[in-house]
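Visitor: Below is one structure. I have some questions about it.
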């Protein structure tokens with residue numbers, strides 16, 4: 001009986017080791033493809049908020065607020081800066097919200113995009129993903145005058161606006177000229 005138990009354990013451990021090795025090999029082949037696809041999606045998101053950019057160059061986030069998760073300068077084909085794209089994350093009503101903001105070199109918002117508000121209530125906080133809300137940010141400077149919260153979703157709206165303000169703080173830290 002004891003010999004059978006030991007034999008079963010050895011067989012199960014061997015199977016686990018073989019399967020783990022197979023998964024490691026598969027991961028070594030798929031990880032670069034997955035990473036490349038993720039980078040393409042992120043570039044597409046940056047291009048959506050700053051369409052005049054031909055490319056993006058990553059910026060150092062050391063002097064930026066902690067809420068900034070990514071920072072890029074957008075350049076045209078002649079390598080002139082056409083704007084900056086920042087992504088910020090903050091606590092909303094029921095979870096983290098993620099906002100991408102494009103700011104032109106003069107300090108005006110080109111576009112904002114809601115990257116993630118899936119943890120928020122769809123009927124209230126989820127409205128921050130709608131064009132009727134995000135569109136009011138276009139053309140605004142760091143004062144954000146005239147940006148209204150969504151009635152019934154003030155916590156999410158306030159967090160959203162704070163993300164945009166953090167993006168302006170990051171802009172102030174990296175702007176050239």
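The values are calculated or read from the model by the stated rules, or taken from the named source; none is laboratory data. Here the structure is a predicted model, which means the values were calculated and not measured. Here Cβ is always computed from backbone atoms with ideal geometry, including for glycine, and neighbour counts include all displayed protein chains.
Visitor: Out of the residues in segment 91-118 that are under 11 Å from residue 161 (Cα atoms) and over 11 Å from the mean Cα position of the chain (by Cα), state the one that is modelled with the highest pLDDT.
Guide: Only one residue tops the list, namely 112.
Visitor: Which of the residues belonging to segment 54-73 are in contact with a helix residue (DSSP H, G or I) (Cβ under 7 Å, 6 or more places away or on another chain) and crowded, with 18+ Cβ neighbours inside 10 Å? So that I can check it myself, show each step before the final result.
Guide: Start the filter on segment 54-73 by keeping residues that are in contact with a helix residue (DSSP H, G or I) (Cβ under 7 Å, 6 or more places away or on another chain), which leaves 56, 59, 63-65, 67-68, 71-72.
56, 59, 64, 65, 67, 68, 71, 72 - these are the residues of segment 54-73 that are in contact with a helix residue (DSSP H, G or I) (Cβ under 7 Å, 6 or more places away or on another chain) and crowded, with 18+ Cβ neighbours inside 10 Å.
Visitor: Looking at (1) farther than 19 Å from residue 110 by Cα; (2) within 16 Å of the chain's Cα centre (by Cα), which is the only condition residue 43 fails?
Guide: Condition (1) is where residue 43 drops out.
Visitor: Moving on to the next point. Among the residues of segment 28-50, write down those that are without any contact (Cβ under 8 Å) to a residue 40 or more places away in the chain and surrounded by 13 or more Cβ atoms within 10 Å (Cβ to Cβ).
Guide: Within segment 28-50, 42, 43, 47 meet the criteria.
Visitor: Take the residues in segment 119-158 that are surrounded by 17 or more Cβ atoms within 10 Å (Cβ to Cβ), out of contact with any strand residue (DSSP E or B) (no Cβ under 7 Å at 6 or more places or on another chain) and part of a loop (DSSP other than H, G, I, E, B); name whichever of them is modelled with the highest pLDDT.
Guide: 150
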